[in-house]
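Worksheet: the structure to be examined is printed underneath.
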Amino acid sequence: LKILTTIAEVKGSEQTGGALVPTLGALHAGHVSLIKAAKSSGLPTIVSIFVNPTQFGPDEDYDRYPRSFDSDCEKAADAGADAVFAPAVEEMYKSSTSRIEVPEVTELYEGSLRPAHFSGVCTVVLKLINIAECQEAFFGQKDLQQCAVIQRMAADLNVPVEIRIVPTLREPDGLAMSSRNVYLDPKSRAIAPSLYRTLSDTRQRLLMGEDPATEVATAATNLEREGFRVDYVDLIDRVAFRPTTLIHKNCALIAAAKLGNTRLIDNLLVFSDENMS
Ligand code: PAF
């Protein structure tokens, strides 16, 4: 595994022009599945490890975001990565002030609750794609709105890259894998799988023809009863990332809710949990 820390090193490496797996580090089995998917494309694979400050709000967890560089490198190597790109903040941003804005698809949900988040994500992702000159870039379906925003950015700006979406990996009890799960205390950890169970039950009921508005409202009430503080539960069109009341092939159920200080997000495609791309 090559460890690259400067843009010049990436540009001069044999891994440019291959597959890119952008991460914030704190790698878990979900990231490992992204790296394995990238590797199975047959392209040389770079994993970027960069806790990107521009996507964190002032009251968010940038400073305490879990950092575990040595074990991240071991996991990346075991999953088949050829190189890790781990730049300093200064190397990535220097004095740059440009930012990418993708309107509409960022207007609701995470976009409205976390202002500037998607601008920070898109800016860093586009920079990483340009630095790695990758043919394919891999993202987890767990961050469904992020997937929609990045796909939209790539389409709108004619970015010559294939955006690949990899299904969410789950703990045996259904909890979606996330680097932030380490924040959950034992009581919250015991409640957390209800988020997935609630989405699954709601999905079943929608497939049986129940009314979407009623089912979404019931899901939110049930989650509150379990101890969650719900930010949103909704049935959406996952391309436009807007609410829908019609069940169609692009429908997804999305939810975000807090348990204590930990915010969890999850989603299910209504018609399939299979790979989206
Ligand atoms: O999903 C993430 O881990 C981050 O938002 C990403 C895509 C690596 C950009 O910093």
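Since every read-out is calculated from the coordinates, none of them should be taken as a lab result. Remember, it's a predicted structure, so these values are computed and weren't measured experimentally. Neighbour counts run over all protein chains shown; Cβ positions are idealised from the backbone, glycine included.
Each of Leu246, Val270, Gly227 was placed along the dipole of segment 211-275 (beta-carbon charges, centred on the mean Cα), and the one lying farthest toward the positive end is Gly227.
Projecting the Cα atoms of Val32, Gly111, Cys122 onto the charge dipole of the chain, computed from C-beta unit charges around the Cα centre, puts Val32 farthest toward the positive end.
What you get for segment 179-246, charging only the Cβ of Lys and Arg (+1) and of Asp and Glu (-1), is a dipole of about 300 debye around the Cα centre. Computed from the Cα positions only, the extents of segment 1-80 along the three principal axes stand at 40, 29, 20 Å, in decreasing order.
Comparing mean-square fluctuations of Met208, Met177, Met153 from a GNM of the chain with C-alpha springs under 10 Å, the top value falls on Met208. Listed by chain and number, the lysines whose C-alpha is less than 20 Å from the C-alpha of Lys11, apart from same-chain residues fewer than 8 away, are Lys2, Lys39, Lys94, Lys127.
For the chain, treating each Cα as an identical point scatterer without solvent, what Debye log10 I(q)/I(0) comes out at q = 0.11, 0.13 1/Å? With one equal scatterer per Cα and no solvent, log10 I(q)/I(0) is -0.62, -0.87. Note on the chain: dipole from Cβ charges, positive end direction compared against Pro53, Met153, Ala256; the farthest Cα belongs to Ala256. Here the dipole of segment 140-277 is about 280 debye; that uses its Cα centre as origin and unit charges on the Cβ of Lys and Arg (positive) and Asp and Glu (negative). One Cα centroid belongs to segment 63-120, the other to segment 187-201; the line between them spans 27 Å. Averaging the sequence gap over all C-alpha pairs within less than 8 Å and six or more residues apart, then dividing by the number of residues, gives segment 184-248 a relative contact order of 26 percent.
Show me the helices of the chain, taken as full DSSP H stretches, that run 20 Å or more along their long axis by Cα and average -0.5 or above in Kyte-Doolittle hydropathy. Don't skip to the answer; put the middle values down first.
Working: long enough: 117-132 (22 Å, 1.49); 212-226 (21 Å, -0.47).
Flagged H segments are 117-132, 212-226.
Take the Cα radius of gyration of segment 121-277 and divide it by 2.2 N^0.38 Å, N being the number of residues; the result is 1.09.
How large is the charge dipole for segment 35-86, taken about the Cα centre, if only the Cβ atoms of Lys, Arg (+1) and Asp, Glu (-1) carry charge, to the nearest 20 debye? Each step should come with its number before you reach the end.
On the way: 5 positive and 9 negative charges, 55 e Å.
Result for segment 35-86 is approximately 260 debye, rounded to the nearest 20.
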